[in-house]
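Shown next, in structure tokens, is the structure this report addresses.
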Amino acid sequence: QVQLVESGGGLVQPGGSLRLSCTASGFTFSRYAGSWHRRAPGKERELVAVITSGGRTSYVDSVKGRFTISRDNAKNTVYLEMNSLKPEDTAVYYCRAVSGTQSYWGQGTQVTVSS
């Protein structure tokens, strides 16, 4: 059974940090690009960060210098380290694995940045 399970979300104060994890099962994760997306209240879902199967990364401008995406293929896991969090980072964060025409999504984890 194919699954992507996110964890690590929660409530954090502005300026704080969180690390999201997304663990894959049921497919060969190392062959897939991993990405994080988010949907803020009242907004469309946006791509936040991507890491290719070879380890190359890219980020949306609003998180550059604050967020870091990484992967551990031995653990079938992709991470999103989030620092200097802002209230506008509040959203449901989803992970995705993509290879060619195959795409899998996680169920999402809530991140709330508020004092």
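The values are calculated or read from the model by the stated rules, or taken from the named source; none is laboratory data. Just so it is clear, the model here is predicted, and its values are computed rather than measured. So basically every Cβ, Gly included, is an ideal-geometry build from the backbone, and we count neighbours across all protein chains shown. In case anyone asks, the SASA skips ligands and DNA or RNA and just uses the protein heavy atoms, side chains included. Shrake-Rupley method; radii C 1.70, N 1.55, O 1.52, S 1.80 Å.
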Open item on the list: Using a 7 Å offset from the Cα along the Cα-to-Cβ direction at both Val2 and Lys43, what is the distance between the two label points in nm, to one decimal?
Closed with: 2.8 nm
- [ ] Assign unit charges at the C-beta atoms only (+1 for Lys and Arg, -1 for Asp and Glu), then state the dipole size of the chain relative to its Cα centre in Debye, rounded to the nearest 20.
- [x] 160 debye
Open item on the list: Along the charge dipole of the chain, pointing to its positive end and built from +1/-1 on Cβ of Lys, Arg, Asp and Glu, which listed residue (Trp105, Val63, Ser115) has its Cα farthest out?
Closed with: Trp105
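Using a 10 angstrom Cβ neighbour count of at most 16 plus a DSSP loop assignment to flag exposed trypsin sites (Lys or Arg not before Pro), which longest range of the chain is free of such sites?
On the way: sites that count: Lys43, Arg45, Arg56, Lys64, Arg66.
Here the longest run is 67-115.
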- [ ] May I ask for the net charge around Arg19, where only other residues with Cβ less than 12 Å from the Cβ of Arg19 are counted and Lys, Arg are +1 while Asp, Glu are -1?
- [x] -2
Task: Separation in nanometres of the label points that stand 7 Å from Cα toward Cβ, at Lys86 and Leu11 - done: 2.3 nm
Open item on the list: Modelling each spin label as a point 7 Å along the Cα-to-Cβ direction, I'd like the Thr112/Lys75 distance in nm, to one decimal.
Closed with: 2.7 nm
Task: Selection from Phe29, Tyr94, Met82 lying farthest towards where the dipole of the chain points positive, charges on Cβ - done: Phe29
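Over the chain, what portion of Cα pair distances is larger than 21 Å, expressed as a whole percent?
Working: 1967 of 6555 pairs.
That fraction is 30 percent.
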Task: Val12, Val5, ranked by accessible area, largest first (probe 1.4 Å) - done: Val5, Val12
